[in-house]
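Only one structure is covered here, and it is reproduced in the block below.
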Protein chains: 2
Amino acid sequence: MREPSVRAAALVLCILSYLLVGAAVFDALESEAESGRQRLLARKRGELRRKYGFSAEDDHELERLALQAEPHRAGRRWKFAGSFYFAITVITTIGYGHAAPGTDSGKVFCMFYALLGIPLTLVTFQSLGERLNALVRRLLLAAKRCLGLRRPRVSTENMVVAGLLVCAATLALGAAAFAHFEGWTFFHAYYYCFITLTTIGFGDFVALQRDEALQRKPPYVAFSFLYILLGLTVIGAFLNLVVLRFLAASTGALERAARHAGPLRLGAPESRGRCPARRPARPGGPASVSHRVHQLEVWARDNLGFSPPASPRAVGGGRAGGPLARRKSI
Amino acid sequence: MREPSVRAAALVLCILSYLLVGAAVFDALESEAESGRQRLLARKRGELRRKYGFSAEDDHELERLALQAEPHRAGRRWKFAGSFYFAITVITTIGYGHAAPGTDSGKVFCMFYALLGIPLTLVTFQSLGERLNALVRRLLLAAKRCLGLRRPRVSTENMVVAGLLVCAATLALGAAAFAHFEGWTFFHAYYYCFITLTTIGFGDFVALQRDEALQRKPPYVAFSFLYILLGLTVIGAFLNLVVLRFLAASTGALERAARHAGPLRLGAPESRGRCPARRPARPGGPASVSHRVHQLEVWARDNLGFSPPASPRAVGGGRAGGPLARRKSI
């Protein structure tokens, strides 16, 4: 079995075990509370049913109407501000579901809109994240100079710690703001920010759904949109820190293909000019690819504060280390 | 203004315009239908209120109870199968919201679970996607050999067309299956599969929510979980096709940092051994990085069927071309 296949198989095993553990814990944490809620609801609904003597049909109708009316309580969701909010949740894949296209034409447009919008968003936040990292790096260098360090260097650890602080600050700021505007507890507002910025977007807590905020509170609407977009930039900055891992990951493919394609001419014209006699005799095109990629990684780690993962050539470590190394980076 | 900053600014402009256009279209498509639904609901609820003479308080209570009872109609959501389903929607960031942790301890665990699970999932589907692309490439080569082609090559176009066909087949297969099992129209089932596999996950259509399917239909539950995970692998395969774009995107960072860090020693030991006298005198470390990255891209395109984007050195094209080139790749 080839190394990349072993790595893929190991990752699949990791994720299945992770899902099983998660399922067990969520079952333990939520199952009991769910039964309690269910019993309480059944009792209360029974009381009201007896009090007014609904027919079973009307009871069902009342429930259906309540469910259908629920989204409208936030006011008009599809006026421009609401549609803008919805468009953000589509291309960022947050997808709260507080609003979802009700018409078939809306559904069709939504699919095409996501098809173009999601990659565009991915690229944009990657690019903004790279800019943010460059800024953080400059600030850290300046700070170290101020502290009188000669030849200051920004290490991976510096970047990761700074990134964690920026993320924590972003979440805390958002939590404070939404707790104030939505009347949530700080914890619930923090949970809302986390679930939003990871693009999970359950929709159990959704900003701008009270007091027709979308129509009546333009400054708060602007703040919410801006917070989501800036918050995702901060997340993008973290993802950007692992960009070179993709390079390392692709090395395996480069090498495998190189075996079919023969030696890779990465020698560059100038070196060709220098040692013409040696090039044809030089073996191991593939090896020289991975060697250069490894050099790129080492150099990048030393100079950019990137910490590349175990190269696919050393999958023994990559197998267990792969996902773990990446977990560390978030 | 530096080239990467220009690129980032251009992307931000693109995404803002895209959101404005989307908002306008969703407003036009949904706003009218929303008003209609709202009027109809108000009328029906008014009729029932008059029929049974609810107090305003009881009316509100009935609505609250109906909303709280709704998730329970799918049966127990937090038994093992339901919790496994929920765990999938967390680490894949689908986040339907059909179930969301009701307890604070559940919310806390959910945040830590996502923190480790999302990067693990990202890496796993990237890795599986790479394996799938390698398989597709081998199948295409074999097919071309069967057609009697000498020196068959798999081009970017071949890979993209094959990828599109696999995606279309995955969506169509899922749509047919869920239309059958859930009693949805094919269009609605297709919409559900699309919104799920893009990880938007509105939650307006959610599989396994009827007739206590989670408890009573284990084979259908297994199929649904498997479909989501395999479907996301197919999407991962597409994302994997753009892996080398990240390499190209990072070139800019490498070069800028290299300007501070001095010449990059990518010459590799063996060449150092060969031309010792020339190395110290060799200029343009940074240029030689981008040169090698460019060579990697060109070589990879020719040998792997990758089509790298305009390198950040040629941002004139990359500015508008960047996102468009990436859109093409999805």
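Observations, loosely collected:
- Rounded to whole Å, sorted largest first: equivalent-ellipsoid semi-axes of the stretch B:49-137, Cα gyration tensor: 41, 16, 11
- Ascending distances from the A:Leu164 label point to its copies in the other chains, with the point 7 Å along the Cα-to-beta-carbon line: 4.6 nm.
- Leading residue at positive end of dipole, the stretch A:1-157 (Cβ point charges), from A:Val6, A:Gly148, A:Gly97: A:Gly148
- Largest first, the residues A:Trp78, B:Trp184 sort by 1.4 Å accessible area into B:Trp184, A:Trp78.
- The charge dipole of the stretch A:1-86, taken about its Cα centre with unit charges on the Cβ of Lys, Arg, Asp and Glu (plus for the first two, minus for the last two), comes to roughly 360 debye.
- Spin-label model, B:Lys144/A:Val12: points 7 Å from Cα along the beta carbon direction are separated by 2.7 nm.
- Cα centroid separation - the stretch B:47-92 against the stretch B:107-144, whole Å: 35 Å
- Residue-by-residue Karplus 3J(HN,Hα) for the stretch A:174-183, coefficients 6.51, -1.76, 1.60, Hz, glycine and proline x: x, 4, 4, 5, 5, 4, 5, 6, 9, x
- By accessible area with a 1.4 Å probe, ligands and nucleic acids excluded, highest first: order of B:Leu149, B:Leu48, A:Leu29: B:Leu149, A:Leu29, B:Leu48
- Each copy carries a label point for A:Ala176 at 7 Å from Cα toward Cβ; from one copy, the others' points are 5.7 nm away, ordered from shortest.
- Charges were assigned to the Cβ only: +1 to each Lys and Arg, -1 to each Asp and Glu. The resulting dipole of the stretch A:112-171 about its Cα centre is roughly 500 debye.
- Surface composition of the stretch A:1-137: carbon and sulfur atoms hold 64% of the protein heavy-atom accessible area at a 1.4 Å probe.
- √(5λ) per eigenvalue of the Cα gyration tensor, the stretch A:180-228, largest first, Å: 18, 12, 10
- Accessible area of the stretch A:92-138 divided out per residue, in Å², using a probe of 1.4 angstrom: 30 Å²
- In this structure B:Lys51 has an accessible area near 130 Å², from a 1.4 Å probe over the protein heavy atoms.
- Take A:Asp27: with every protein chain present and a 1.4 Å probe, its accessible area is about 40 Å².
- Residues in the stretch A:183-213 occluded by at least 40 Å² - accessible area, probe radius 1.4 Å, against chain by itself: A:Phe187, A:Tyr191, A:Phe194, A:Ile200, A:Phe202
- Converting phi to 3J(HN,Hα) with the Karplus coefficients 6.51, -1.76 and 1.60 and the offset θ = phi - 60°, the stretch A:128-139 yields 5, x, 4, 5, 4, 4, 4, 5, 4, 4, 4, 4 Hz in sequence order, with x at every glycine or proline.
- For the pair A and B, total buried accessible area rounded to nearest 100 Å², probe 1.4 Å: 13800 Å²
- When the listed pairs A:Lys44/B:Lys44; A:Lys79/A:Lys217; B:Lys79/B:Lys217; B:Lys79/B:Lys107 are checked against a 19 Å cut-off, the alpha-carbon distance exceeds it for A:Lys44/B:Lys44.
- Across the accessible surface of the stretch A:140-200, with the other protein chains kept in place and a 1.4 Å probe, carbon and sulfur atoms take up 69 percent.
- Label geometry 7 Å along the beta-carbon vector: A:Arg37 inter-copy distances in nm: 2.3
The values are calculated or read from the model by the stated rules, or taken from the named source; none is laboratory data. For clarity, every value in this text was computed on a predicted model and none was experimentally measured. Neighbour counts run over all protein chains shown; Cβ positions are idealised from the backbone, glycine included. Quick note on the areas: whole protein, heavy atoms, side chains included, nothing else; ligands and nucleic acids left out. Shrake-Rupley method; radii C 1.70, N 1.55, O 1.52, S 1.80 Å.
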